[in-house]
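Participant: Quick one: the structure is below, and I'll ask about it shortly.
The numbers here are math on the coordinates, done by the rules we state, and not lab data. Remember, it's a predicted structure, so these values are computed and weren't measured experimentally. Heads up, the Cβs are rebuilt from the backbone with ideal geometry, glycines too, and the neighbour counts pull from every protein chain shown.
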Amino acid sequence: MQTVLIHMKKSALADIQSKGFDYILNDNELDVFVPDVEYKNGNHPDQNGIWEDPDVQLCWHYDIDYDQVNCIELA
């Protein structure tokens, strides 16, 4: 399984800590590491024909505030 690196604003630190995610806090941002999840496209039965941005769907899966996200990439 691949790991995803979510670059976030430092203001998300307390939320990330409360959820127990692995993270690194550096000078400019908060880097959070989570396991990748399979993307569910609009044809997936759970999606009811709704297509979502994969990054937004990943954040919803982990209950991460997407508004605090700077960038998401595979680690």
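Participant: Considering (1) surrounded by 10 or more Cβ atoms within 10 Å (Cβ to Cβ); (2) free of Cβ contacts under 8 Å to residues at least 12 places away in the same chain; (3) assigned to a loop (DSSP other than H, G, I, E, B), say which one TYR23 fails and leave the rest.
Facilitator: Here TYR23 clears every test but (3).
Participant: For the list (1) surrounded by 13 or more Cβ atoms within 10 Å (Cβ to Cβ); (2) farther than 17 Å from MET1 by Cα, I need the number of the one condition that TYR62 fails.
Facilitator: Condition (2) is where TYR62 drops out.
Participant: Which of the residues spanning the range 26-41 are over 15 Å from LEU74 (Cα atoms) and either in contact with an Asp or Glu (Cβ under 8 Å, 6 or more places away or on another chain) or buried (at least 16 other Cβ atoms within 10 Å of the Cβ) (or both)?
Facilitator: Those that are over 15 Å from LEU74 (Cα atoms) and either in contact with an Asp or Glu (Cβ under 8 Å, 6 or more places away or on another chain) or buried (at least 16 other Cβ atoms within 10 Å of the Cβ) (or both): GLU29, LEU30, LYS40.
Participant: While we're looking at this one, here's another question. Tally up the residues in the range 26-59 that are under 15 Å from VAL4 (Cβ atoms) and either in contact with a Phe, Trp or Tyr (Cβ under 6 Å, 6 or more places away or on another chain) or in a strand (DSSP E or B) (or both), please.
Facilitator: Residues flagged as under 15 Å from VAL4 (Cβ atoms) and either in contact with a Phe, Trp or Tyr (Cβ under 6 Å, 6 or more places away or on another chain) or in a strand (DSSP E or B) (or both) within the range 26-59 amount to 9.
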